[in-house]
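Engineer: Shown below is the structure under consideration.
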Amino acid sequence: MGQRDSLDGLAVFVAAAEAGSFSEAGRKLGISASAVSQAVKSLEERLGATLFRRSTRSLSLTDVGSDYLRAVAPALSQLRRASEEASGRSGRPAGTLRLTMPRAPFELVVAPKLTAFRQAYPAVELEIAVEARMVDIVKEGYDAGLRYGNHLDQDMVAVPVSPASETILVVSPTYLEHHAMPKVPGDLLKHHAMVCRSQETGVIIPWTLHRGSKAVKVTPSSATIVHDLASQIALAVKGMGIAFAPVALVSEPLDTAKLVRILPVWSGRLDTTYLYFPSRRHQSAALRAFVAFMRQ
């Protein structure tokens, strides 16, 4: 098997592992599911190892396959970026740009600009993973990510793309029909709330409320742990309890009276949002274009 065939086999393997099915991988790669299956089979024969567990209903990595994916995905991503960099120097930005971010930055910062970016750079294919977990973008083969300033690694290049904003306490009128209106921050301890758990420390992240120069921290004692802000807001609309969310994400339910603001003299602060990536030296033309577009 030649070097080009080996690289193609690796690309198909990574696509199948990420998609979780041969048919979905084939759709993304523009080839048939049988061609994906054959490429993976040839790779397994060359390695002398089984990479996938196959059944009529599911496809999953073996332990060997998981280890192999962790080893080859970053290298394949670097090769892809090098190719895209070379092509970008001779023309317009092109190729795949892999991004990871929590839902709030996606909805507030990225989503409103995606259509315009697509129109400006039609040859750039965006692959966006919207997830709450802390992602090692180098290890997992992402080109860049969006994250709040208080969660940035020091060795990353960070470009601010959205300023700090206000977070407020909201709840549904239905919930207040059965629970007393909180009058001071301490009253929040008597209510149910949607909160996040720190993925670094494992503890519930407290709500930090500000009123002028005064600040208090509150950790609701009765809580549902939901790491996705959009899901927290959806649960609040359904009457599940109190949510602490960015103003921009709750403007629609506030305008339509699905939610009401409580303790209006108290609010929090959502940190500046940064687009971050490992190094300026190896930026692809597609990433440079995306960074510039997000900064507009």
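Engineer: If you take every DSSP beta bridge whose two residues both sit in segment 165-269, what share of them, in percent to the nearest 5, is antiparallel? Each step should come with its number before you reach the end.
Structural biologist: Numbers: 15 of 20 bridges.
Antiparallel bridges: around 75 percent, rounded to the nearest 5.
Engineer: Placing unit charges on C-beta atoms (Lys and Arg positive, Asp and Glu negative, everything else neutral), compute the dipole magnitude of segment 1-72 about its Cα centre in debye, rounded to 20. Provide the component values of the computation, followed by the final result.
Structural biologist: Numbers: 9 positive and 8 negative charges, 39 e Å.
For segment 1-72, the charge dipole is close to 180 debye.
Engineer: Please give the helix 3-19 orientation as an angle from the longest Cα principal axis of the chain, in degrees from 0 to 90, rounded to the nearest 10.
Structural biologist: Tilt of helix 3-19: around 30 degrees.
Engineer: How many percent of Cα pairs in the chain exceed 23 Å?
Structural biologist: On the way: 27609 of 43660 pairs.
Distances greater than 23 Å cover 63 percent of the Cα pairs.
Engineer: Okay, moving on. Between the helical axis of 111-120 and the dominant principal axis of the chain, each derived from Cα atoms, what acute angle in degrees is found, rounded to the nearest 10?
Structural biologist: With rounding to tens, the tilt is 40 degrees.
Engineer: Further, regarding this structure: Enumerate lysine pairs in segment 165-269 that are 8 or more residues apart or on different chains, then count those whose Cα atoms are under 17 Å apart. Can you show the working numbers first?
Structural biologist: Values: Lys183/Lys214; Lys183/Lys217; Lys190/Lys217; Lys238/Lys258.
The result is 4.
Engineer: Using 0.36 nm per residue of separation minus the Cα-Cα distance, give me the extension gain between Gln78 and Glu125 in nm, one decimal. Present the calculation step by step, with values, prior to reporting the outcome.
Structural biologist: Values: separation 47, 0.36 × 47 = 16.92 nm, distance 1.63 nm.
The span from Gln78 to Glu125 would gain 15.3 nm if fully extended.
Engineer: Take every DSSP beta bridge with both residues inside the chain and express the antiparallel ones as a percent of the total, to the nearest 5. Intermediate values should be presented prior to the final figure.
Structural biologist: Values: 28 of 42 bridges.
Expressed as a percentage, antiparallel bridges in the chain total about 65.
Engineer: Which lysines have a Cα lying under 24 Å from the Cα of Lys28, excluding residues fewer than 8 positions away in the same chain?
Structural biologist: Straight-line reach from Lys28, under 24 Å: Lys41, Lys113, Lys139.
Engineer: Shifting gears a bit: Please report the base-10 log of the normalised intensity I(q)/I(0) for segment 165-269, using a Debye sum with one equal scatterer per alpha carbon and no solvent, at each q in 0.10, 0.11 (1/Å).
Structural biologist: Log10 I(q)/I(0), no solvent term: -0.24, -0.29.
Engineer: What number, in percent, do you get for the relative contact order of the chain if the mean sequence gap of Cα pairs under 8 Å and at least 6 apart is divided by its residue count?
Structural biologist: On the way: 490 pairs, mean separation 65.0, N = 296.
Computed over the chain, the figure is 22 percent.
Engineer: Looking at Ile168, Pro105, His192, which one has the Cα that reaches farthest to the positive end of the dipole of the chain (charges on Cβ: Lys, Arg +1; Asp, Glu -1)?
Structural biologist: Result: Ile168.
Engineer: Let me ask something additional. Output wanted: per-residue J couplings in Hz (rounded whole) for segment 176-183, from phi through Karplus 6.51 cos²θ - 1.76 cosθ + 1.60, θ = phi - 60°, x for Gly and Pro.
Structural biologist: 6, 5, 10, 9, 5, 5, x, 10
Engineer: So if each residue of separation counts as 0.36 nm, and I subtract the Cα-Cα distance between Thr56 and Thr115, what length gain in nm does that give?
Structural biologist: Details: separation 59, 0.36 × 59 = 21.24 nm, distance 3.78 nm.
Stretched fully, the Thr56-Thr115 segment lengthens by 17.5 nm.
Engineer: Spin-label point model (7 Å from Cα, Cβ direction): what's the Ala234 to Ser21 distance in nm?
Structural biologist: 2.1
Engineer: Over segment 179-296, calculate the relative contact order: mean separation of alpha carbon pairs under 8 Å at least 6 apart, over the residue count, as a percent.
Structural biologist: Details: 126 pairs, mean separation 30.0, N = 118.
For segment 179-296, the relative contact order is 25 percent.
Engineer: Comparing Leu43, Leu275, Leu97, which has the greatest mean-square fluctuation in the GNM of the chain with Cα pairs linked when under 10 Å apart?
Structural biologist: Leu43
Coordinate-derived values only; no laboratory data. Owing to the predicted nature of the structure, the values given are computational and were not obtained by experimental measurement. Counting neighbours? That spans all protein chains shown, and the Cβs are built from the backbone with ideal geometry, glycine included.
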